[in-house]
Amino acid sequence: DVGTSLALSATTTAIGFFAFVGTEFVGVAELGVISGAGTLISFVCTITLLPALLSLSSSARASVPFGDAVWTTRIVDLPVRHPRAVRIAALVLTIGSVLVLPRARFDNNPLNVRDPKSESVRALSDLLEKGASSPWSMNAVAPDLASAQALAERLRQVPEVGRVITVSDFVPGDQEEKLDIIEDVALFLGPLAPADGGPQEVSVERRVGALRHLSEELRHMLRTNKDPALASSAQALAGELDAYVAALPVGSAADAELDGLQDSVLGSLPEQLRVLDAALGAGHVTLENLPRALVEQMVGDGGEVRVQIFPRENLADHASLAQFVDAVKRAVPDVSITGSAAEIVESGRSVVRSLQQALLLALVAITVILLVLSGGRVTETALVLTPLGLAAVFTAATAVLLNIPFNFADVIVLPLLLGMGVDSGIHLVHRARRTGELGIALLGTSTARAVAFSGINTIASFGTLGLATHRGLATLGQMLTLGVAYSLLTTLIVLPALIPQRWRRPETQGATLRRSEV
């Protein structure tokens, strides 16, 4: 009795996943293959293994899904008793949601799918705020140094560009004056490398005393410094230092523990001192005596010269990032532009195209299959798709209101919702068409109960993702939770109010009226 709707639901769900297979977003395309195949395997298990397991039951018990109480009857019967009000409410909400949709956006910043509290994300965010040292830059290649310098001058006129570097920019100006300053610094600093060539041995007591002294100095800074961010960091570090000292073991174990801390904090200091010592012995710099490693990064074997382009604005803002990339490409349309900033913007646009392609493909394929299997009944196909369309619009509008952007993780939500959410409409329309049940007779069936339980179970499953510290997984869970919840509500409330009255059989009408009267 339910095999047809199960087969149709499995097919449409699989289509929702397979729609990603031909897109440019390789990760999601692979997800589509795995999940689409898994859906079909689940269907095979459902129509073979599950009936075999159910046959082991010695008896079948009938139950009333929503009970016989008058208040439950009235709630379940609400969409049919007031179909006009339900339709008007759905129409008003749809119009309001459509007006909000233009504010939906795709966040192409890969940092925004990670835990914002992690140290690596915070450090990179700080760099992005400083355009001159931003790790997200762009590159262009010129055939020779003269062309590179001319290209750099053109790019420096672009308002969104903060700095442009070629290999010639590593040759400093005013070298005589700067060399005099370096000589003065070297005179005051003296020898930087240890006389014996290595660090001196320091007792455990002195090292522990140094940690305590540092903690005291941090607390003194808390009392005198008014910078909230610096005070917060100092307080956290002082607390960690006190806890570390209190937890130190006794004897040689303490010495080994402190050696590990010293290596973590100061392990690179000797090398840094050697580099600084070498820098204090600097002489005149020319293009010919630049470090080989630097020249290899900036000049190709054939004499091509790399031009590095850095932004002026904070690229943590996705709008500024796209504006920076587009402005540079407009300024030099005849030059090929590469680099991390361009890759991020273009990959984001590729993902958006993949989303649009998958969404359109899934919608067309599901519509065609529904039409074919329903015998060309347009009304029945429209009834199945209407709750789904409402759910998709409501989901996108709610995401805008809650400031949840689409990103590299949750961009798959709408095509997946199309594939998964259509199942509930298929089951209810199939039941109504097959038995002629309408209103409370339909919503009081095991089919409606299965739809409700399945939807609640799916909401609970995706809802756990919404609690993840990984922001990409969290937004994916939040968007899917919203989508499935809206799909369930529109299917159980709006769909019954749309089912044509002519589908009702006379005997079902009488049964519905008698139960409503009770």
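The values are calculated or read from the model by the stated rules, or taken from the named source; none is laboratory data. Values in this document were obtained by computation on a predicted structure and should not be read as measured data. When we count neighbours, we look across all protein chains shown, and the Cβ atoms used for this are built from the backbone with ideal geometry, even at glycine. These accessible areas exclude ligands, DNA and RNA; they are computed on the full protein's heavy atoms, side chains included. Shrake-Rupley method; radii C 1.70, N 1.55, O 1.52, S 1.80 Å.
Quick notes
- Filter result for the condition that a residue is open to solvent by 20 Å² or more (accessible area, probe 1.4 Å) and touching a residue at least 60 places away in the same chain (Cβ under 8 Å), over V378, V393: V393
Yes or no, residue by residue, for (1) surrounded by 13 or more Cβ atoms within 10 Å (Cβ to Cβ); (2) in contact with a strand residue (DSSP E or B) (Cβ under 7 Å, 6 or more places away or on another chain); (3) within 28 Å of A342 (Cα to Cα):
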{"site": "S120", "(1), (2), (3)": "no, no, yes"}
{"site": "L127", "(1), (2), (3)": "yes, no, yes"}
{"site": "N139", "(1), (2), (3)": "yes, yes, yes"}
{"site": "E153", "(1), (2), (3)": "no, no, yes"}
{"site": "F170", "(1), (2), (3)": "yes, no, yes"}
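- Within the stretch 321-338, the residues that satisfy the criterion of being open to solvent by 20 Å² or more (accessible area, probe 1.4 Å) and either touching a strand residue (DSSP E or B) at 6+ places or on another chain (Cβ under 6 Å) or of a type outside the set (G, A, S) (or both) are Q323, D326, K329, R330, P333, D334, V335, I337, T338.
- Cβ pairs under 6 Å, 6+ apart, first in the stretch 87-105 and closer than 20 Å to L488 by Cβ and among the aromatic types (F, W, Y), second open to solvent by less than 100 Å² (accessible area, probe 1.4 Å) and at pLDDT below 90: none
- Those helices (runs of 4 or more DSSP H) of the stretch 284-394 in which at least 1 residues are farther than 17 Å from F106 by Cβ and among the basic types (K, R), considering only elements entirely within it, cover 292-298, 318-331.
- Annotation note: of A132, A193, the sole residue that is under 29 Å from H284 (Cβ atoms), at pLDDT below 75 and part of a loop (DSSP other than H, G, I, E, B) is A193.
- Top-ranked residue in the stretch 445-469 [being surrounded by 15 or more Cβ atoms within 10 Å (Cβ to Cβ) and not hydrophobic (A, V, I, L, M, F, W, C); ranked as farthest from N403 (Cα to Cα)]: T445
- A441 vs. criteria touching a Lys or Arg at 6+ places or on another chain (Cβ under 8 Å), of a type in the set (G, A, S) and at pLDDT below 80: yes
- Residue match in the stretch 404-414 (condition: more than 30 Å from R114 (Cβ to Cβ), modelled with pLDDT of 75 or more and part of a helix (DSSP H, G or I)): no
- Test: residue in the stretch 297-305 that is in contact with a Phe, Trp or Tyr (Cβ under 9 Å, 6 or more places away or on another chain) and within 26 Å of L179 (Cβ to Cβ): yes
- Within the stretch 1-26, the set of residues being within 15 Å of Q357 (Cβ to Cβ) and in a helix (DSSP H, G or I) comprises I15, G16, F17, F18, V26.
- Filtered by the rule that a residue be among the acidic types (D, E) and in contact with a Leu (Cβ under 8 Å, 6 or more places away or on another chain), the stretch 251-282 gives E257, D277.
- Any hit, the stretch 347-370, residues being open to solvent by 20 Å² or more (accessible area, probe 1.4 Å), over 25 Å from M479 (Cα atoms), out of contact with any Gly (no Cβ under 7 Å at 6 or more places or on another chain) and of a type outside the set (S, T, Y): yes
- Enumeration of residues in the stretch 79-111 that are crowded, with 19+ Cβ neighbours inside 10 Å and in contact with a His (Cβ under 8 Å, 6 or more places away or on another chain): D107, N108, N109
- Only residues that are of a type in the set (A, V, I, L, M, F, W, C), under 41 Å from the mean Cα position of the chain (by Cα) and under 19 Å from Q175 (Cβ atoms) were counted in the stretch 262-320, giving 2.
Condition check ((1) loosely packed, with under 14 Cβ neighbours inside 10 Å; (2) over 29 Å from G303 (Cα atoms)) across all residues:
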{"site": "E160", "(1), (2)": "no, no"}
{"site": "E217", "(1), (2)": "yes, yes"}
{"site": "A238", "(1), (2)": "no, yes"}
{"site": "Y244", "(1), (2)": "no, yes"}
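- Evaluated against (1) farther than 21 Å from L6 by Cβ; (2) modelled with pLDDT of 80 or more, L40 falls short on exactly one condition, (1).
- Some residue of the stretch 238-254 being of a type outside the set (D, E, K, R), closer than 28 Å to D126 by Cα and either touching a residue at least 60 places away in the same chain (Cβ under 8 Å) or in contact with a Ser or Thr (Cβ under 8 Å, 6 or more places away or on another chain) (or both): yes
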